[in-house]
Amino acid sequence: MNPVIGEILPMAVGVAISPMPIIAVILMLLGGSARTKGLGFAVGWVGGLIGATAVFIALGDAVKQTDEPGAAVGWIKIVLGSGLLIAGINQFRAQSSGTPKWLTAIEGLTWAKATGLGFLLAAVNPKNLMLCAAAGVAIGSADLAMGPLIGSAAVFVVLASASVLLPVIAYLVAADALRGPLNAIKEWLDANNQAVMAVLFVVLGVVLVGKGLGGL
């Protein structure tokens with residue numbers, strides 16, 4: 001189990017430091033109905049990560065049954081790593097266009113829409129999906145019993161959710177004290193999200209391609 005956790009740790013960190021969901025949850029916590037929308041977003045986010053990771057764990061398990069599982073997993077990692085490299089290069093080349101329109105509409109979200117947004121950002125957003133895919137395939141293709149497999153998946157989901165769950169939990173405990181720090185974090189991420197994601201995707205892309213080549 002420990003080698004698997006070591007392999008999925010970079011992917012979990014990559015999901016956790018993705019700026020857009022952090023900005024989204026901070027905007028919810030700074031607006032009206034903060035607790036309701038923040039909790040809804042967190043529930044959707046965790047549910048999305050669980051769903052996406054479970055799908056790719058099943059894929060990894062199916063690959064494990066093939067004649068050459070090592071090579072198959074290696075090629076999957078190369079494809080995912082190449083996708084992350086392309087995404088990172090595109091981020092470097094992209095010009096900043098300010099705050100996305102969907103972020104400006106957060107104030108009007110209901111609990112259900114906040115939950116749906118959290119799910120979509122976790123499970124459908126292509127950039128996060130590639131990281132969940134890499135983690136899920138690594139877990140599913142490993143020779144793990146059910147207990148360690150579930151434990152590895154839980155570690156990934158908890159770590160990947162930390163950047164969304166911690167602000168929500170902290171806000172529930174000390175809302176007034178956190179308004180200033182949350183706003184400062186939001187402004188920094190808003191200004192630097194492209195650079196953060198570009199570096200993140202390039203580094204993780206190189207790591208995945210390297211691991212994939214090593215498995216061929």
Check: With the Cα gyration tensor of region 104-197 giving a ≥ b ≥ c as the square roots of its eigenvalues, does the rule (a/c under 1.5 for rounded; else a/b larger than b/c for prolate; else oblate) give rounded, prolate or oblate?
Finding: prolate
Margin query: Quick one: 3J(HN,Hα) in Hz for region 194-199, Karplus 6.51/-1.76/1.60 with θ = phi - 60°, rounded, Gly and Pro as x.
Written below: 5, 5, 4, 5, 4, 4
Item checked: Most mobile listed residue (105, 114, 42) in the chain, GNM with C-alpha springs under 10 Å -> 105
Check: If you stretched the chain out fully between residue 158 and residue 206, how much longer would it get, using 0.36 nm times the residue separation minus the C-alpha to C-alpha distance?
Finding: 14.8 nm
Notebook entry, point to check: For residue 199, what charge total do you get from the other residues with a beta carbon under 14 Å from its beta carbon, if Lys and Arg give +1 and Asp and Glu give -1?
Noted result: +2
Next item on the list: Please give the net charge around residue 77, taking every other residue with its beta carbon less than 13 angstrom from that of residue 77, where Lys and Arg add +1 and Asp and Glu add -1.
Entry: 0
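May I ask you to compute the full-extension gain from residue 93 to residue 213, defined as 0.36 nm times their residue separation minus their alpha-carbon distance, rounded to one decimal in nm?
Full extension of this stretch gives 40.5 nm more.
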Item checked: For region 1-54 and region 101-145, distance of Cα centres in Å -> 7
Next item on the list: Hey, could you grab the Kirkwood Rh for the chain? Inverse mean 1/r over distinct alpha carbon pairs, Å, one decimal.
Entry: 17.7
Margin query: Which lysines, if any, have their Cα less than 29 Å from the Cα of residue 113, not counting same-chain residues under 8 positions apart?
Written below: 37, 101, 127, 186
Next item on the list: Apply 1/(1 + (r/R0)^6) to the Cβ-Cβ distance of residue 143 and residue 169, taking R0 = 30 Å, and write down the FRET efficiency to the nearest 0.05.
Entry: 0.25
Check: Any idea how far apart residue 66 and residue 17 come out in nm if each label point goes 7 Å out from Cα toward Cβ?
Finding: 3.2
Notebook entry, point to check: Taking only C-alpha pairs under 8 Å that are 6+ residues apart, what is the relative contact order of the chain in percent?
Noted result: 47
Check: For region 10-59, what does the alpha-carbon gyration tensor say about shape, rounded, prolate or oblate, given a ≥ b ≥ c as the root eigenvalues, a/c under 1.5 as rounded, and a/b over b/c as prolate?
Finding: oblate
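Considering only the other residues whose Cβ falls under 13 Å of the Cβ of residue 179, what net charge follows from Lys and Arg at +1 and Asp and Glu at -1? Working shown, then result.
Numbers: positive: 186; negative: 176, 187.
In short, -1.
Coordinate-derived values only; no laboratory data. Just so you know, these numbers come straight off a predicted model, no measurement behind them. Note: ideal-geometry Cβ built from the backbone for every residue, glycine included; neighbour counts use all protein chains shown.
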